[in-house]
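No value in this document is a laboratory result; all are computed from the given coordinates. Here the structure is a predicted model, which is why all the values come from computation and not from measurement. Here the Cβ positions follow ideal geometry from the backbone for every residue, glycine too, while neighbour counts run over all protein chains shown.
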Amino acid sequence: DAKTTQPPSMDCAEGRAANLPCNHSTISGNEYVYWYRQIHSQGPQYIIHGLKNNETNEMASLIITEDRKSSTLILPHATLRDTAVYYCIVIVPTGRRALTFGSGTRLQVQP
Amino acid sequence: DAGVIQSPRHEVTEMGQEVTLRCKPISGHNSLFWYRQTMMRGLELLIYFNNNVPIDDSGMPEDRFSAKMPNASFSTLKIQPSEPRDSAVYFCASSPGVAGADTQYFGPGTRLTVL
């Protein structure tokens, strides 16, 4: 799996967009970018994933650079409930593998 | 769908006692994962099943840990005898288990405290 690098922490004002970066410069052609988050005392939660095109769902948008070496998770209107640790991982989705999280980015949404 | 269901949510037991954690995966999902999370070690895979068959149990700490999946809708993780170092949050997750669909859906976890 390609190594990912994320800033350890970020702050965001409530109601503003939160842009969380992830660097994955060694990503290979068949690896996908996945984002999960973990709110305190809860289980990890899937957010979104993509291969090379930008993706959007009801939770967030994922912007992947053209060279695929980095990506940005965008929470368009952050709320206090979005305060969590966000994990970017790069994997080949075989359908039968464990997840390994790095240290992630701790996002604090401020009122 | 109710999502992945785990029970109990909290368990406090004394060293040496048997502990059984339970998990009901999302209906239709073919893969089931048991993870353990601690502050020191982060999220660790213990074992995972595909179509009710254990595929990889290399993360199971030792013989004190065992896991079963008797059918597609139920799995257990048993610790016997329990030790204080087993104190952690144990998560169960399920996924469709097919190539191209690696999204895992986690349960709320069982917080285990062994005194």
Study note, to complete from the structure: Charge tally for neighbours of A:LEU20 with beta carbon under 15 Å away, counting Lys, Arg as +1 and Asp, Glu as -1, is 0
Check your understanding: If one puts a single equal scatterer on every Cα of the protein assembly as shown and applies the Debye formula without solvent, what log₁₀ I(q)/I(0) results at q = 0.10, 0.12 Å⁻¹?
Key -> -0.47, -0.67
Review point. What does the charge count near B:ILE47 come to, summing +1 for each Lys or Arg and -1 for each Asp or Glu among other residues with Cβ under 12 Å from its Cβ?
Key: 0
Review point. So what's the Cα pair-distance distribution over the range A:54-111, bin width 10 Å, in %?
Key: 18, 44, 34, 4, 0
Revision key, fill the gap. So for R0 = 30 Å, FRET eff. of A:ALA13-A:VAL92 from the Cβ-Cβ r, to 0.05, ends up at 0.20
Practice item. Tell me the Kirkwood hydrodynamic radius of chain B in angstroms, computed as one over the mean inverse distance between distinct C-alpha pairs. Key: 14.1
Revision key, fill the gap. Along principal axes, largest first, the alpha-carbon spread of the range B:58-115 in whole Å comes out as 41, 21, 21
Check your understanding: When the Kirkwood radius is taken over all Cα pairs of chain A, what Stokes-Einstein diffusion coefficient follows at 20 °C and 1.002 mPa s, in µm²/s?
Key -> 153
Check your understanding: With each pseudo-label sitting 7 Å past Cα toward Cβ, what's the A:ILE74-B:SER87 distance in nm, one decimal?
Key -> 4.5
Practice item. Return the single residue from B:GLY59, B:GLY16, B:GLY42 with maximal mean-square fluctuation; model: Gaussian network over chain B, springs between Cα atoms under 10 Å. Key: B:GLY42
Study note, to complete from the structure: Counting every C-alpha pair in the range B:1-58, the percent lying more than 12 Å apart is 74
**Study point:** Distance from the range A:43-69 to the range A:21-36 (C-alpha centre basis), Å
**Key:** 10
Point to revise | Unsatisfied cross-links (Cα-Cα over 24 Å) in the set A:LYS3/B:LYS68; A:LYS3/B:LYS78; B:LYS24/B:LYS68 | key: A:LYS3/B:LYS68; A:LYS3/B:LYS78
Point to revise | Average beta carbon contacts from partner chains per residue of B:56-62, 10 Å cutoff | key: 1
Review point. Given Cα pairs under 8 Å that are at least 6 residues apart, what percent is the relative contact order of chain A?
Key: 37
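I want to verify the translational diffusion coefficient of the range A:8-68 in µm²/s; compute it with Stokes-Einstein, Rh as the Kirkwood radius over Cα pairs, at 37 °C and 0.692 mPa s.
Translational D for this selection: 247 µm²/s.
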Review point. How big is the gap, in Å, between the Cα center of the range A:1-19 and the Cα center of the range B:74-92?
Key: 32
Review point. Which length gain, in nm to one decimal place, applies between B:MET39 and B:THR76 when the Cα-Cα distance is subtracted from 0.36 nm times their residue separation?
Key: 11.0 nm
Revision key, fill the gap. Between B:LEU115 and A:GLU58, the FRET efficiency computed from the C-beta separation at R0 = 41 Å comes out, to the nearest 0.05, as 0.45
